[in-house]
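**Student:** Have a look at this one before I ask anything.
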Amino acid sequence: MNPPLECARPATARRLFPWPRDRRGRIIAFATVCLVAWVLVAWGAARVLIVNEPLGHADAVAVLSGSAAYKERTRFAAQLFKGGYGQRIIVTNDNDRGGWSAAEERNPYYYELEVAELRRAGIPEDKIVVMLEPVGGTFDEAVLFRRYAETESLHSILVVTSAYHSRRALWTLRKVFKGSNIVIGLEPVPTGFQTPSPIAWWLRVRGWKTVPVEYVKIIYHWVQLR
């Protein structure tokens, strides 16, 4: 008489996925399982941070400051501008300076480096708006964007930021622009240039300075702005 199906499953599973009998084999198998589990968790944690708010066309494309990722943000903003997604590009001043420039014999501000990147990308100077008022973070930038939009009678702004900053940035923008008639969109920069990909961020120092820290910042901002 054949045993019930439910009793036969463990044996079948053991045949398909045999667990090593020796100690070394068990350690290797356990480490493999842990590694696979970690990769999946790390990938999921990174992916959760990436969101977007599509906007087919905007009156302006605004770049959020980020000294470690200013190149990818400005280059992506230039692509959007050339694609007809905005009529001007706005950059902000986080009041931080970059490395030494032998040509200028000084440490230029990051907003100056952003403007230089935009010009190299072919953006006309009269299409670049620099907001010189120093900002201390995403919330300050959102406030400046709203003030500028209201002053210039803009109806929409498409914001550009790095991928793992996008969820917190969008949450902040929605909070600041709540009650206004200004439509806000957000496009995160594709990973792979200055920002590591979701599947491999944990293999780079830059990734550890971005993904885990972003969760800390989300909690802090939620407490401060709720």
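**Student:** Which members of the range 153-195 meet the condition of being within 22 Å of GLU114 (Cα to Cα), open to solvent by 10 Å² or more (accessible area, probe 1.4 Å) and in a loop (DSSP other than H, G, I, E, B)?
**Tutor:** Once the filter is applied, which keeps residues that are within 22 Å of GLU114 (Cα to Cα), open to solvent by 10 Å² or more (accessible area, probe 1.4 Å) and in a loop (DSSP other than H, G, I, E, B), the range 153-195 yields PRO190, THR191, GLY192, PHE193, GLN194.
**Student:** Residues that are open to solvent by 80 Å² or more (accessible area, probe 1.4 Å), free of Cβ contacts under 8 Å to residues at least 12 places away in the same chain, in contact with a helix residue (DSSP H, G or I) (Cβ under 9 Å, 6 or more places away or on another chain) and not in a helix (DSSP H, G or I): does the range 18-35 have at least one?
**Tutor:** Yes, the conditions are met somewhere in the range 18-35.
**Student:** Would you point out which residue out of GLU112, GLU117, GLU125, GLU150 is at pLDDT 95 or above, within 26 Å of VAL205 (Cβ to Cβ) and of a type in the set (Asp, Glu)?
**Tutor:** GLU117
**Student:** Suppose the filter is aromatic (Phe, Trp, Tyr), open to solvent by 80 Å² or more (accessible area, probe 1.4 Å) and modelled with pLDDT of 95 or more; does TYR70 pass it?
**Tutor:** no
**Student:** Look at the range 76-95 and say how many of its residues are open to solvent by less than 70 Å² (accessible area, probe 1.4 Å), on the phi < 0 side of the Ramachandran plot and either part of a loop (DSSP other than H, G, I, E, B) or among the hydroxyl-bearing types (Ser, Thr, Tyr) (or both).
**Tutor:** Final tally of qualifying residues: 5.
**Student:** Another question, if that's okay. Filter the range 136-174 for residues that are touching a helix residue (DSSP H, G or I) at 6+ places or on another chain (Cβ under 6 Å) and basic (Lys, Arg) and give the result.
**Tutor:** Within the range 136-174, ARG146, ARG168 qualify.
The values are calculated or read from the model by the stated rules, or taken from the named source; none is laboratory data. The structure displayed is predicted, hence computed values, not measured ones. Every residue, glycine among them, receives a Cβ derived from its backbone with ideal geometry; neighbour counts consider all protein chains shown. Just so you know, the surface numbers come from the protein's heavy atoms only, side chains and all, with ligands and any DNA or RNA stripped out. Shrake-Rupley method; radii C 1.70, N 1.55, O 1.52, S 1.80 Å.
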